[in-house]
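The structure appears below as structure tokens.
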Amino acid sequence: MASLREINPDGCTVTGHGRNSDVYSLNDGRIAKVFNKGTVPDEEIENEYRKAVASYQLGVPTPRCYELARFRGSLCIIYERIEARNLRELIAEDNERIEELIGMGAELSRNLHKIRAPRDIFPSMAEIYHVRADSVSDLFTSDEVEKLHRLIDSIPEGDTFVHGDYHRGNIMLRDGELMVIDMADAAYGHPIYDVLSTYMYGPFIIKIFTQEAAEKLTGWTPKIINRVWDVFVRNYFGVYDKAVIERIEDNLLFFCILRYITFLHILPGLPEEMIRSAVSMAREVLFPFVDERIETVKKGGLYGF
């Protein structure tokens with residue numbers, strides 16, 4: 001790695017915390033995402049930096065990324081500082097804005113999925129899922145893991161820009177327009193990967209967590225979670241027919257189980273009881289029906305219409 005500029009920490013203040021990093025407000029009006037030592041390999045941090053720069057250049061509405069640097073010896077990425085609030089906060093504060101804000105969020109998602117992501121910069125989301133499937137081989141039999149891989153392979157590849165973590169906390173409102181933050185998981189692939197992220201923090205989270213846990217994770221009541229999803233699915237897909245929406249949700253539920261169980265070793269601090277419950281759920285409602293679902297997708301598409 002080339003010699004990097006060392007940021008002077010004097011006067012810098014912490015403005016946010018992430019799973020593997022802290023965000024500092026710098027004296028020059030920018031921010032630094034400072035990675036905690038030993039939590040993320042240097043190569044992954046460099047890749048996140050390259051993807052953030054490329055995303056901005058591709059026209060993704062996201063804060064400008066300036067440079068890779070060091071802060072008290074730790075690697076950091078320097079970003080434009082924005083005055084914005086995320087949808088989680090805004091809707092929790094005023095749920096009368098759901099139609100407006102989630103309608104905008106669905107439009108933003110559609111626009112992101114019109115962007116083509118260069119494969120020399122962005123990884124394949126399918127390959128990321130394959131790696132995640134292998135990571136849970138200690139929880140499942142080799143036959144079950146093979147079924148996960150086959151299910152991933154049933155998703156058409158594509159070269160669409162995929163944010164990878166498209167949910168209410170990463171969607172920001174600034175000056176009346178939406179933008180996305182956190183390009184760590186950006187990749188190329190089928191748009192369903194982003195739709196699954198939205199669905200996971202929607203109806204899916206209500207199905208697998210208690211009401212208290214769902215509210216803690218999302219910041220919203222189940223009633224608001226369902227309203228948000230209803231607005232999103234209608235606006236993103238442009239459909240209002242109840243039967244069509246039910247087919248969309250049926251397929252999304254099945255593939256969201258795939259997403260959830262491949263995240264079991266990624267989600268921080270997941271209790272053993274929840275991991276066991278996820279394994280049982282996969283054995284009851286996923287693995288026995290993989291072949292059938294793959295055939296259904298072949299005939300009717302990923303969304304069932």
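The values are calculated or read from the model by the stated rules, or taken from the named source; none is laboratory data. Please read these numbers as outputs of a predicted model, since none were measured by experiment. When we count neighbours, we look across all protein chains shown, and the Cβ atoms used for this are built from the backbone with ideal geometry, even at glycine.
Can you pull out the residues in segment 254-265 that are touching a residue at least 60 places away in the same chain (Cβ under 8 Å), closer than 16 Å to Ile208 by Cβ and either outside any helix (DSSP H, G or I) or not β-branched (Val, Ile, Thr) (or both)? Those that are touching a residue at least 60 places away in the same chain (Cβ under 8 Å), closer than 16 Å to Ile208 by Cβ and either outside any helix (DSSP H, G or I) or not β-branched (Val, Ile, Thr) (or both): Phe255, Cys256, Leu258, Arg259, Tyr260, Thr262, Phe263, Leu264.
Within segment 111-137, the residues that satisfy the criterion of being over 22 Å from Glu44 (Cβ atoms) and not in a helix (DSSP H, G or I) are His113, Lys114, Ile115, Arg116.
From the list Ser124, Ser137, exactly one residue is under 30 Å from Arg276 (Cβ atoms), assigned by TED's automatic domain parsing to the domain that holds Ser197 and modelled with pLDDT of 95 or more. Which is it? Among Ser124, Ser137, only Ser137 is under 30 Å from Arg276 (Cβ atoms), assigned by TED's automatic domain parsing to the domain that holds Ser197 and modelled with pLDDT of 95 or more.
Taking the stated definitions as given, is Phe232 part of a helix (DSSP H, G or I), farther than 26 Å from Val131 by Cα and modelled with pLDDT of 95 or more?
Criteria met by Phe232.
Among the residues of segment 60-80, is there at least one that is among the basic types (Lys, Arg), loosely packed, with under 15 Cβ neighbours inside 10 Å and at pLDDT below 95? Yes.
Can you pull out every residue in segment 284-304 that is charged (D, E, K, R) and over 25 Å from the mean Cα position of the chain (by Cα)? Selection gives Glu284, Asp291, Glu292, Glu295, Lys298, Lys299.
Scanning segment 102-121 for residues that are within 16 Å of the chain's Cα centre (by Cα) and either at pLDDT below 95 or of a type in the set (Asp, Glu) (or both) yields a total of 0.
With respect to being within 19 Å of the chain's Cα centre (by Cα), surrounded by fewer than 16 Cβ atoms within 10 Å (Cβ to Cβ), in a helix (DSSP H, G or I) and not β-branched (Val, Ile, Thr), Asn251 falls outside the description.
Scanning segment 26-71 for residues that are over 23 Å from Thr13 (Cβ atoms), small (Gly, Ala, Ser) and out of contact with any Phe, Trp or Tyr (no Cβ under 8 Å at 6 or more places or on another chain) yields a total of 2.
Taking the conditions (1) among the basic types (Lys, Arg); (2) more than 16 Å from Tyr166 (Cα to Cα); (3) not assigned by TED's automatic domain parsing to the domain that holds Val231 in turn, Arg116 satisfies each one other than (3).
Among residues of segment 84-98 that are closer than 12 Å to Gly169 by Cα, those with a Cβ under 8 angstrom from a residue that is among the polar types (S, T, N, Q) and buried (at least 17 other Cβ atoms within 10 Å of the Cβ), sequence gap 6+ or separate chain, pair up as Asn86/Asn170; Arg88/Thr218.
Yes or no, residue by residue, for (1) surrounded by fewer than 20 Cβ atoms within 10 Å (Cβ to Cβ); (2) in contact (Cβ under 8 Å) with a residue 60 or more places away in the chain:
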position: His190; (1), (2): yes, yes
position: Val195; (1), (2): no, yes
position: Tyr199; (1), (2): no, no
position: Gly202; (1), (2): no, no
position: Ala213; (1), (2): yes, no
position: Pro222; (1), (2): yes, no
position: Ile225; (1), (2): no, no
position: Val228; (1), (2): no, yes
position: Gly238; (1), (2): yes, no
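Quick check: anything in segment 276-293 at pLDDT below 95 and under 30 Å from Glu99 (Cα atoms)? No: segment 276-293 contains no residue that is at pLDDT below 95 and under 30 Å from Glu99 (Cα atoms).
Looking only at residues of segment 16-35 that are in contact with a Ser or Thr (Cβ under 7 Å, 6 or more places away or on another chain) and modelled with pLDDT of 90 or more, we find that the one that is farthest from Arg64 (Cα to Cα) is Phe35.
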